[in-house]
Every structure is written in C-alpha cells, then in structure tokens.
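The values are calculated or read from the model by the stated rules, or taken from the named source; none is laboratory data. Bear in mind the structure is a predicted one, so any value in this text is a computation, not a measurement. As a convention, Cβ positions derive from the backbone with ideal geometry for all residues, glycine included, and neighbour counts pool all protein chains shown. What goes into the accessible areas is simple: the full protein's heavy atoms, side chains included, and nothing from ligands, DNA or RNA. Shrake-Rupley method; radii C 1.70, N 1.55, O 1.52, S 1.80 Å.
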Amino acid sequence: MPIQEGDPVTIWIDSKRSFLIKVKKGKRLDTDKGYIVHDQLIGKEYGEIVKMTKGEAYLLKPTPMDIYTTLPRPSQVVYPKDASYIVYVSGIQPGDMVVEAGTGSGFLTITLAYFLGPNGRVITYDVREDMQNKAKYNASILNLLDRIEFKIKDIKQGIDEKDVSAVILDMPDPWNAISKVYDALKPSGSLVVFVPTVNQIEKTVLQMRNDGFVDIHAEELIIREYQVKENAVRPKNIGVLHTGYLIRGRKYIKGTSL
C-alpha cells in the first residue's frame, strides 16, 4: 500500500544515519546528507529509493528495532535483546492485556503494544508525568497510542486491572510490588522483572517465592554483533553486552493441593 500522510517511515541512509518520521505535508527532514521533503514520500512504496539533495535514502517500514536507533531516549531503556525475550517468555499474544511499570521513555511499552496487536492493551504505570509525555510522543510516531493506557500512579499502591496476562516491572524495588502483581494476574500469568544490579535479584526472587510464583528464573542475555568485511570478519569492538538481569516466574493458585 502506498505511503500516506500520517504513516510512519524509516528513512535509512546508511548504517550511521537512520531517521524514523511520521509523514506530514509541508515538513522536511534535514540531515548532513541533505534534506528530503515529506510531500515527496506520499504515494511511494515501502522499499523504494528516493533522492535527497546530497544523495539517496531507502524508505523502510518501521520495525520495533527502529525505535532504539531513532527515537528520543531521555532515560535508560530496555534493549531489544531483553525486550524480545520478555515478549517470548511472558507468553503474551495478540489481544492480551499487559501491565507495565515504569514507563520510562516508552521503548518497552511500544514493543509490547506492537506485538499485542490492535485488539491488545498495554497499561503502563509511572510516577513521573514528564517521562510519560516523552513515551506518548514516541508511541505517537508509530501510531500505537490507541493500544496504550498511561497511568500516573505508584504501582506499589495497587494495580487497578485484574486478570491480566502478564506484568512487566522495570523499577528500583520490584519486590515491594509483587503482592500487588499477584492479585492482578490471571492464574498461571507471567511476571517478568528487569533489574540492573545483582543485589536486586535476590530480594526479588525470594519475594516471588513467598508470594505465589513458581518456575522462577534469573537470567542475563549477551549479544555480540560482527563486523563483516571480505577476509576480515570479526566481532565489533563496541557492542551491547551487559544491560541488566531478567527475573521471570508464573503465578500459581495458593492453597490448592491434593
């Protein structure tokens, strides 16, 4: 389908220059490789090459990966290697309702909304309205705002939703919210926690064991990209290695036994 006004487009120039825009008549994108007027994108197809004033660019349909390389990130974000694993191990699927805290820059929020589909719902909690405003802007670029509900509230004070499929926590003291998470989850629903330090793992896992969770795992994911040149293939000198730790488990119904 041809690109229309309001559609998101990734303008890919080279491996160092990539821009995620929302097409709007009258606007233009300025880069050190020249500029491109949004009007000239309307009617083009994703995958086409377009001329810029100092070169050319590729029009690509945005993927969740593009948000990490192009959108504003005023706070630390959950990286793709962790976000994709969260989607996989949580067992979420299109149409599910998922609760998240905290919102931050909204990168994980957007990833969840993308995979939950138009009938899914992400409810994201944060105590900072300024951060949620940044997240709303980022989600608007990909036209995903209708799948997300933003709430200014400390999740430790309670979760308004019930029977949710999964809860994702990215906060300094997740162990203090686990009892509230238990109340909100469906039986067998997933809790996934992202923490940056080893000290937080022990407190979180012990609290999960005490509050009705099983199949608990604490993990770290490492990814290494390779530089590919003829007769010179090797790991890149700079990469995303340690980002944080993931703790996951599933709710069981307390008091049920043979």
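Numbers for the structure displayed
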{"read-out": "Close pairs (6 angstrom Cβ cut-off, 6 or more residues apart or separate chains): without any contact (Cβ under 8 Å) to a residue 40 or more places away in the chain and over 18 Å from Asp96 (Cβ atoms) in region 150-165, hydrophobic (A, V, I, L, M, F, W, C) and open to solvent by 20 Å² or more (accessible area, probe 1.4 Å) anywhere", "value": "Asp154/Val127"}
{"read-out": "Residues of region 171-195 classified as in contact (Cβ under 8 Å) with a residue 60 or more places away in the chain, open to solvent by 60 Å² or more (accessible area, probe 1.4 Å) and either assigned to a loop (DSSP other than H, G, I, E, B) or small (Gly, Ala, Ser) (or both), total", "value": "1"}
{"read-out": "Hits in region 168-178 - residues which are among the hydrophobic types (A, V, I, L, M, F, W, C) and closer than 13 Å to Leu246 by Cα", "value": "Ile168, Leu169, Met171"}
{"read-out": "Options Ala166, Ala101: the member that is more than 24 Å from Lys22 (Cα to Cα), over 13 Å from the mean Cα position of the chain (by Cα) and among the aliphatic types (A, V, I, L, M)", "value": "Ala166"}
{"read-out": "Filtered residues of region 1-23 (kept if surrounded by 12 or more Cβ atoms within 10 Å (Cβ to Cβ) and of a type in the set (Lys, Arg))", "value": "Arg17, Lys22"}
{"read-out": "Search result, residues across region 139-170 that are at pLDDT 95 or above and open to solvent by less than 30 Å² (accessible area, probe 1.4 Å)", "value": "Leu144, Ile148, Ile155, Gly158, Ile159, Glu161, Val164, Ser165, Ala166, Val167, Ile168, Leu169"}
{"read-out": "Flag for Lys44 being more than 25 Å from the chain's Cα centre (by Cα), modelled with pLDDT under 90 and among the charged types (D, E, K, R)", "value": "no"}
{"read-out": "Complete set of residues in region 32-88 that are touching a strand residue (DSSP E or B) at 6+ places or on another chain (Cβ under 6 Å), over 20 Å from Thr103 (Cα atoms) and of a type in the set (S, T, N, Q)", "value": "Thr53"}
{"read-out": "Condition met for Glu225 (among the acidic types (Asp, Glu), surrounded by 10 or more Cβ atoms within 10 Å (Cβ to Cβ) and modelled with pLDDT of 95 or more)", "value": "no"}
{"read-out": "Region 25-75 - residue that is closer than 12 Å to Ile3 by Cβ and in contact with a Gly (Cβ under 9 Å, 6 or more places away or on another chain) and, of those, most open to solvent (accessible area, probe 1.4 Å)", "value": "Lys61"}
{"read-out": "Gly102 being touching a helix residue (DSSP H, G or I) at 6+ places or on another chain (Cβ under 9 Å) and either in contact (Cβ under 8 Å) with a residue 60 or more places away in the chain or under 19 Å from Arg248 (Cα atoms) (or both)", "value": "yes"}
{"read-out": "Number of the exception - Ile110 against (1) part of a helix (DSSP H, G or I); (2) surrounded by 21 or more Cβ atoms within 10 Å (Cβ to Cβ); (3) more than 11 Å from the chain's Cα centre (by Cα)", "value": "(3)"}
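Residue-by-condition table, conditions (1) among the small types (Gly, Ala, Ser); (2) part of a loop (DSSP other than H, G, I, E, B); (3) more than 22 Å from the chain's Cα centre (by Cα):
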residue	(1), (2), (3)
Gln200	no, no, no
Met208	no, no, yes
Ile222	no, yes, no
Val240	no, yes, no
Thr243	no, yes, no
